1. Could you estimate the translational diffusion coefficient of region 275-323 from the Stokes-Einstein equation, with Rh from the Kirkwood formula over C-alpha pairs, at 4 °C and 1.567 mPa s, in whole µm²/s?
2. Quick one: length gained pulling S248 to S164 fully straight, 0.36 nm per residue minus the C-alpha distance?
3. Once the Cβ-Cβ distance between V18 and L317 is put in as r, and R0 is 51 Å, what FRET efficiency do you end up with, to the nearest 0.05?
4. So what are the ³J(HN,Hα) numbers for region 84-89, from phi and the Karplus equation (6.51, -1.76, 1.60; θ = phi - 60°), rounded to whole Hz, Gly and Pro as x?
5. Using the Cα gyration tensor of region 1-160, with a ≥ b ≥ c the square roots of its eigenvalues, what is the shape: rounded (a/c below 1.5), prolate (a/b larger than b/c) or oblate (neither)?
6. Averaged over every viewing direction, what's the projected area of the C-alpha convex hull for region 237-311? Give it in nm², one decimal, please.
7. Please give the residues of region 25-57, grouped as numeric ranges, whose backbone N is less than 12 Å from a label point set 7 Å along the Cα-to-Cβ vector of T136.
8. Rounded to the nearest whole Å², what accessible area per residue is found for the chain with the 1.4 Å probe?
Amino acid sequence: MTAHLTRTSPLLALPGAVAGEGIDAGVAAHYGSLYGEQRALAAGEGFVDLSHRDVFRVAGPDRLSWLHSITTQYFDGLPAGKWISGLVLSPQGHVEHAFTGVDDGEAFTAHTEPGRAAALIEFLERMKFMMRVEITDVSGDLAVAWRPVGTGRHDLVPRDQLASYADAAGPAAGLWAFEALRIERGEPRFGIDTDERTIPNEVGWIADEPWNAVHLDKGCYRGQETVARVHNLGKPPRRLTLLHLDGSENRLPAPGTEVLPEAGGRAVGVVGSSARHHELGPIALALLKRNTDVAAQLVVDGLPAAQEVVVDPEVGLHFRPHR
(Lines give C-alpha, C1' and ligand atoms only; values in the text may rest on other atoms or scores of the structure.)
Protein backbone atom coordinates (compact mmCIF):
# COMPACT_ATOMS: atom_id res chain seq x y z
CA MET A 1 0.00 0.00 0.00
CA THR A 2 1.33 3.39 -0.96
CA ALA A 3 1.95 6.05 1.67
CA HIS A 4 -0.89 8.48 2.18
CA LEU A 5 -1.98 11.40 4.29
CA THR A 6 -3.96 10.11 7.26
CA ARG A 7 -7.16 12.03 7.87
CA THR A 8 -8.14 11.91 11.54
CA SER A 9 -11.87 11.59 12.07
CA PRO A 10 -13.58 13.85 14.60
CA LEU A 11 -15.52 10.76 15.68
CA LEU A 12 -12.40 9.50 17.47
CA ALA A 13 -13.57 11.90 20.18
CA LEU A 14 -16.63 9.71 20.83
CA PRO A 15 -16.64 7.84 24.17
CA GLY A 16 -14.58 4.65 24.13
CA ALA A 17 -13.10 5.23 20.68
CA VAL A 18 -9.82 3.40 19.99
CA ALA A 19 -8.04 4.35 16.77
CA GLY A 20 -7.22 1.84 14.06
CA GLU A 21 -3.74 1.06 12.80
CA GLY A 22 -1.89 1.13 9.50
CA ILE A 23 -3.98 2.28 6.57
CA ASP A 24 -7.02 2.28 8.86
CA ALA A 25 -5.53 4.82 11.24
CA GLY A 26 -7.68 7.91 11.48
CA VAL A 27 -10.95 6.11 12.25
CA ALA A 28 -12.04 4.01 15.20
CA ALA A 29 -11.21 0.32 15.31
CA HIS A 30 -13.84 0.02 18.03
CA TYR A 31 -15.71 2.02 20.63
CA GLY A 32 -15.23 -0.38 23.52
CA SER A 33 -17.52 -3.27 22.59
CA LEU A 34 -16.31 -5.27 19.59
CA TYR A 35 -18.98 -7.96 19.71
CA GLY A 36 -21.74 -5.60 20.78
CA GLU A 37 -20.95 -3.38 17.80
CA GLN A 38 -21.04 -6.40 15.47
CA ARG A 39 -24.40 -7.50 16.82
CA ALA A 40 -25.83 -4.02 16.34
CA LEU A 41 -24.70 -3.92 12.71
CA ALA A 42 -25.99 -7.45 12.11
CA ALA A 43 -29.35 -6.30 13.47
CA GLY A 44 -29.40 -3.39 11.00
CA GLU A 45 -28.56 -0.70 13.53
CA GLY A 46 -25.93 2.04 13.65
CA PHE A 47 -23.20 3.09 11.22
CA VAL A 48 -19.47 2.74 10.54
CA ASP A 49 -17.09 5.67 10.07
CA LEU A 50 -15.09 5.11 6.86
CA SER A 51 -13.94 8.71 6.57
CA HIS A 52 -10.31 7.63 6.05
CA ARG A 53 -11.16 6.39 2.55
CA ASP A 54 -10.29 8.49 -0.50
CA VAL A 55 -13.12 10.13 -2.44
CA PHE A 56 -13.06 11.41 -6.02
CA ARG A 57 -15.59 12.91 -8.40
CA VAL A 58 -16.03 12.61 -12.17
CA ALA A 59 -18.17 15.37 -13.68
CA GLY A 60 -19.05 16.32 -17.24
CA PRO A 61 -21.60 15.24 -19.86
CA ASP A 62 -19.47 12.33 -21.14
CA ARG A 63 -18.70 10.84 -17.72
CA LEU A 64 -20.95 7.74 -17.86
CA SER A 65 -20.16 6.68 -21.42
CA TRP A 66 -16.47 7.31 -20.74
CA LEU A 67 -16.42 5.27 -17.51
CA HIS A 68 -18.35 2.57 -19.35
CA SER A 69 -15.58 2.34 -21.95
CA ILE A 70 -12.58 2.09 -19.61
CA THR A 71 -13.84 0.12 -16.59
CA THR A 72 -15.37 -3.31 -15.96
CA GLN A 73 -18.78 -1.95 -15.06
CA TYR A 74 -21.86 -1.01 -17.10
CA PHE A 75 -22.24 2.77 -16.72
CA ASP A 76 -24.36 3.63 -19.79
CA GLY A 77 -27.79 4.72 -18.59
CA LEU A 78 -26.84 4.45 -14.90
CA PRO A 79 -29.77 5.94 -12.97
CA ALA A 80 -29.13 8.64 -10.41
CA GLY A 81 -28.88 7.31 -6.86
CA LYS A 82 -27.81 3.76 -7.75
CA TRP A 83 -24.54 2.70 -6.08
CA ILE A 84 -22.22 0.68 -8.28
CA SER A 85 -18.74 -0.85 -8.05
CA GLY A 86 -16.14 -0.99 -10.79
CA LEU A 87 -12.57 -2.01 -11.53
CA VAL A 88 -9.74 -0.86 -13.74
CA LEU A 89 -7.73 -3.76 -15.10
CA SER A 90 -4.30 -4.07 -16.65
CA PRO A 91 -4.10 -5.28 -20.26
CA GLN A 92 -3.49 -8.76 -18.80
CA GLY A 93 -6.68 -8.58 -16.70
CA HIS A 94 -5.07 -7.94 -13.31
CA VAL A 95 -6.96 -5.61 -10.97
CA GLU A 96 -5.21 -2.24 -10.71
CA HIS A 97 -7.95 -0.10 -9.14
CA ALA A 98 -11.28 -0.70 -7.39
CA PHE A 99 -13.96 1.81 -6.43
CA THR A 100 -17.61 2.15 -5.38
CA GLY A 101 -19.72 5.18 -6.15
CA VAL A 102 -22.99 6.82 -7.13
CA ASP A 103 -24.14 9.28 -9.78
CA ASP A 104 -26.38 12.19 -8.83
CA GLY A 105 -27.31 13.19 -12.36
CA GLU A 106 -24.49 15.71 -12.61
CA ALA A 107 -21.39 13.85 -11.38
CA PHE A 108 -20.25 10.39 -10.36
CA THR A 109 -18.72 10.39 -6.87
CA ALA A 110 -16.81 7.34 -5.67
CA HIS A 111 -14.56 6.14 -2.87
CA THR A 112 -11.54 3.88 -2.86
CA GLU A 113 -8.98 2.57 -0.39
CA PRO A 114 -6.94 5.08 1.66
CA GLY A 115 -4.06 6.42 -0.40
CA ARG A 116 -5.33 4.97 -3.70
CA ALA A 117 -7.13 7.93 -5.26
CA ALA A 118 -4.04 9.74 -6.56
CA ALA A 119 -2.91 6.82 -8.75
CA LEU A 120 -6.47 6.18 -9.94
CA ILE A 121 -6.99 9.84 -10.85
CA GLU A 122 -3.64 9.87 -12.66
CA PHE A 123 -4.79 6.91 -14.77
CA LEU A 124 -8.16 8.51 -15.47
CA GLU A 125 -6.53 11.77 -16.53
CA ARG A 126 -4.39 9.89 -19.05
CA MET A 127 -7.50 8.29 -20.54
CA LYS A 128 -9.53 11.49 -21.01
CA PHE A 129 -8.44 12.27 -24.56
CA MET A 130 -11.16 14.59 -25.98
CA MET A 131 -13.90 13.47 -23.60
CA ARG A 132 -15.84 16.12 -21.70
CA VAL A 133 -15.01 15.00 -18.16
CA GLU A 134 -13.45 16.62 -15.10
CA ILE A 135 -11.86 14.54 -12.34
CA THR A 136 -11.35 15.91 -8.84
CA ASP A 137 -10.05 14.50 -5.55
CA VAL A 138 -12.69 15.55 -3.00
CA SER A 139 -11.36 13.57 -0.03
CA GLY A 140 -10.92 16.79 1.94
CA ASP A 141 -14.57 17.72 1.50
CA LEU A 142 -16.50 14.45 1.60
CA ALA A 143 -16.36 11.52 4.01
CA VAL A 144 -17.71 7.99 3.65
CA ALA A 145 -19.93 6.20 6.14
CA TRP A 146 -21.67 2.82 5.95
CA ARG A 147 -25.03 1.75 7.29
CA PRO A 148 -26.36 -1.84 7.38
CA VAL A 149 -29.59 -1.10 5.49
CA GLY A 150 -30.54 -4.27 3.59
CA THR A 151 -27.22 -5.56 2.26
CA GLY A 152 -25.50 -2.34 3.28
CA ARG A 153 -25.35 1.17 1.90
CA HIS A 154 -22.79 3.92 1.77
CA ASP A 155 -23.37 7.57 2.59
CA LEU A 156 -21.31 10.51 1.39
CA VAL A 157 -21.19 13.06 4.19
CA PRO A 158 -19.72 16.58 4.12
CA ARG A 159 -16.62 16.16 6.24
CA ASP A 160 -17.51 19.10 8.49
CA GLN A 161 -20.89 17.46 9.24
CA LEU A 162 -19.61 14.08 10.46
CA ALA A 163 -20.45 14.81 14.09
CA SER A 164 -24.07 15.70 13.34
CA TYR A 165 -24.34 12.67 11.03
CA ALA A 166 -23.16 10.45 13.89
CA ASP A 167 -25.77 11.94 16.23
CA ALA A 168 -28.52 11.04 13.77
CA ALA A 169 -27.22 7.67 12.53
CA GLY A 170 -25.80 6.18 15.75
CA PRO A 171 -24.84 4.01 17.50
CA ALA A 172 -21.30 4.05 16.10
CA ALA A 173 -19.59 0.75 15.31
CA GLY A 174 -15.87 0.48 14.70
CA LEU A 175 -13.96 -0.83 11.73
CA TRP A 176 -13.21 -4.13 13.46
CA ALA A 177 -16.92 -4.92 13.58
CA PHE A 178 -17.38 -3.84 9.97
CA GLU A 179 -14.45 -5.98 8.82
CA ALA A 180 -15.65 -9.07 10.68
CA LEU A 181 -19.03 -8.93 8.93
CA ARG A 182 -17.38 -8.17 5.58
CA ILE A 183 -15.12 -11.22 5.89
CA GLU A 184 -18.10 -13.36 6.89
CA ARG A 185 -19.85 -12.26 3.67
CA GLY A 186 -16.83 -13.30 1.64
CA GLU A 187 -16.39 -9.76 0.32
CA PRO A 188 -12.75 -9.02 -0.64
CA ARG A 189 -10.96 -5.78 0.20
CA PHE A 190 -8.78 -4.40 -2.56
CA GLY A 191 -5.07 -4.40 -1.71
CA ILE A 192 -5.50 -6.65 1.31
CA ASP A 193 -7.36 -9.67 -0.06
CA THR A 194 -5.93 -9.05 -3.53
CA ASP A 195 -2.43 -8.68 -4.95
CA GLU A 196 -0.85 -7.51 -8.19
CA ARG A 197 -1.73 -10.83 -9.90
CA THR A 198 -5.41 -10.90 -8.92
CA ILE A 199 -8.00 -11.21 -11.67
CA PRO A 200 -11.68 -10.50 -10.87
CA ASN A 201 -12.70 -14.14 -11.37
CA GLU A 202 -10.56 -15.25 -8.42
CA VAL A 203 -12.15 -13.11 -5.73
CA GLY A 204 -15.88 -13.10 -6.41
CA TRP A 205 -16.20 -9.78 -8.21
CA ILE A 206 -18.13 -11.64 -10.90
CA ALA A 207 -21.30 -12.21 -8.92
CA ASP A 208 -24.83 -11.03 -8.29
CA GLU A 209 -25.20 -7.66 -6.63
CA PRO A 210 -24.03 -6.22 -4.29
CA TRP A 211 -20.50 -7.52 -4.98
CA ASN A 212 -20.67 -7.48 -8.76
CA ALA A 213 -17.90 -5.21 -10.06
CA VAL A 214 -17.70 -6.80 -13.52
CA HIS A 215 -20.49 -6.69 -16.10
CA LEU A 216 -20.14 -9.56 -18.56
CA ASP A 217 -22.50 -8.16 -21.20
CA LYS A 218 -20.88 -4.91 -22.31
CA GLY A 219 -18.42 -3.62 -24.86
CA CYS A 220 -14.66 -3.93 -24.80
CA TYR A 221 -12.49 -2.61 -21.99
CA ARG A 222 -8.87 -3.14 -21.02
CA GLY A 223 -8.32 -6.65 -19.66
CA GLN A 224 -11.67 -7.98 -20.87
CA GLU A 225 -10.16 -10.87 -22.82
CA THR A 226 -8.73 -12.44 -19.67
CA VAL A 227 -11.97 -12.07 -17.72
CA ALA A 228 -14.07 -13.51 -20.55
CA ARG A 229 -11.69 -16.40 -21.22
CA VAL A 230 -11.58 -17.51 -17.59
CA HIS A 231 -15.33 -17.07 -17.25
CA ASN A 232 -16.10 -19.07 -20.37
CA LEU A 233 -13.55 -21.84 -19.82
CA GLY A 234 -13.68 -21.90 -16.01
CA LYS A 235 -10.85 -22.80 -13.66
CA PRO A 236 -9.47 -19.48 -12.33
CA PRO A 237 -5.85 -19.84 -11.12
CA ARG A 238 -6.82 -19.11 -7.50
CA ARG A 239 -10.00 -18.86 -5.45
CA LEU A 240 -11.06 -16.72 -2.50
CA THR A 241 -11.90 -18.85 0.53
CA LEU A 242 -13.29 -18.17 4.00
CA LEU A 243 -11.13 -19.83 6.66
CA HIS A 244 -12.49 -20.79 10.06
CA LEU A 245 -9.47 -20.60 12.36
CA ASP A 246 -8.84 -22.47 15.57
CA GLY A 247 -9.64 -20.09 18.41
CA SER A 248 -7.65 -21.72 21.20
CA GLU A 249 -4.85 -19.17 20.82
CA ASN A 250 -5.50 -15.46 21.09
CA ARG A 251 -4.03 -14.27 17.81
CA LEU A 252 -4.93 -13.58 14.20
CA PRO A 253 -2.66 -14.17 11.18
CA ALA A 254 -1.08 -11.14 9.54
CA PRO A 255 -1.86 -10.35 5.90
CA GLY A 256 0.45 -12.33 3.66
CA THR A 257 0.79 -15.30 6.04
CA GLU A 258 1.19 -18.54 4.10
CA VAL A 259 -1.56 -21.17 4.14
CA LEU A 260 -0.12 -24.69 4.44
CA PRO A 261 -1.59 -28.18 4.06
CA GLU A 262 -2.25 -29.86 7.40
CA ALA A 263 -0.13 -32.80 6.31
CA GLY A 264 2.79 -30.51 5.48
CA GLY A 265 4.30 -29.45 2.20
CA ARG A 266 4.39 -26.31 0.12
CA ALA A 267 2.09 -23.35 0.69
CA VAL A 268 -1.25 -23.45 -1.13
CA GLY A 269 -2.08 -19.76 -0.67
CA VAL A 270 -1.89 -16.67 1.50
CA VAL A 271 -4.15 -14.98 4.03
CA GLY A 272 -5.54 -11.51 3.40
CA SER A 273 -7.77 -10.00 6.08
CA SER A 274 -8.79 -11.62 9.36
CA ALA A 275 -11.08 -10.77 12.26
CA ARG A 276 -12.84 -12.06 15.35
CA HIS A 277 -16.50 -12.71 14.58
CA HIS A 278 -19.14 -12.56 17.30
CA GLU A 279 -20.59 -15.95 16.28
CA LEU A 280 -18.00 -17.69 14.10
CA GLY A 281 -14.91 -16.89 16.16
CA PRO A 282 -11.65 -16.10 14.34
CA ILE A 283 -12.08 -16.02 10.56
CA ALA A 284 -9.98 -14.96 7.58
CA LEU A 285 -10.10 -14.61 3.83
CA ALA A 286 -7.39 -16.36 1.83
CA LEU A 287 -6.46 -16.75 -1.82
CA LEU A 288 -5.80 -20.44 -2.42
CA LYS A 289 -4.60 -22.34 -5.45
CA ARG A 290 -7.63 -23.47 -7.42
CA ASN A 291 -6.74 -27.17 -7.21
CA THR A 292 -6.59 -27.17 -3.40
CA ASP A 293 -9.12 -29.77 -2.21
CA VAL A 294 -12.12 -27.81 -0.86
CA ALA A 295 -12.39 -30.31 2.03
CA ALA A 296 -8.71 -30.19 2.95
CA GLN A 297 -7.73 -29.13 6.45
CA LEU A 298 -5.18 -26.34 6.42
CA VAL A 299 -2.79 -24.56 8.79
CA VAL A 300 -2.18 -20.81 9.11
CA ASP A 301 0.54 -19.52 11.45
CA GLY A 302 0.30 -22.75 13.41
CA LEU A 303 -3.50 -22.49 13.68
CA PRO A 304 -5.70 -25.26 12.23
CA ALA A 305 -8.06 -23.84 9.59
CA ALA A 306 -11.17 -25.26 7.93
CA GLN A 307 -12.41 -24.00 4.56
CA GLU A 308 -15.76 -22.55 3.57
CA VAL A 309 -15.79 -22.03 -0.19
CA VAL A 310 -16.56 -18.49 -1.36
CA VAL A 311 -15.56 -18.64 -5.04
CA ASP A 312 -16.38 -21.75 -7.03
CA PRO A 313 -13.06 -23.32 -8.11
CA GLU A 314 -14.49 -24.47 -11.44
CA VAL A 315 -16.36 -21.38 -12.71
CA GLY A 316 -14.96 -18.54 -10.62
CA LEU A 317 -18.31 -17.21 -9.38
CA HIS A 318 -19.14 -15.97 -5.89
CA PHE A 319 -21.88 -18.41 -5.00
CA ARG A 320 -22.35 -18.14 -1.24
CA PRO A 321 -25.80 -16.80 -0.32
CA HIS A 322 -25.85 -13.17 0.76
CA ARG A 323 -25.83 -12.87 4.54
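1. The Stokes-Einstein estimate is 105 µm²/s.
2. 26.1 nm
3. 0.85
4. 8, 10, x, 10, 10, 10
5. Prolate is the answer for region 1-160, as a/c is 1.5 or above and a/b outweighs b/c.
6. Mean orientational projected area (region 237-311, Cα hull): 4.6 nm².
7. Only 56-57 fall inside the zone, counting backbone N under 12 Å.
8. Averaged over the residues of the chain, the accessible area is 44 Å².
The values are calculated or read from the model by the stated rules, or taken from the named source; none is laboratory data. Not measured: the values here are computed from a predicted model. Here Cβ is always computed from backbone atoms with ideal geometry, including for glycine, and neighbour counts include all displayed protein chains. The accessibility values were calculated without ligands, DNA or RNA, using every heavy atom of the protein model including side chains. Shrake-Rupley method; radii C 1.70, N 1.55, O 1.52, S 1.80 Å.
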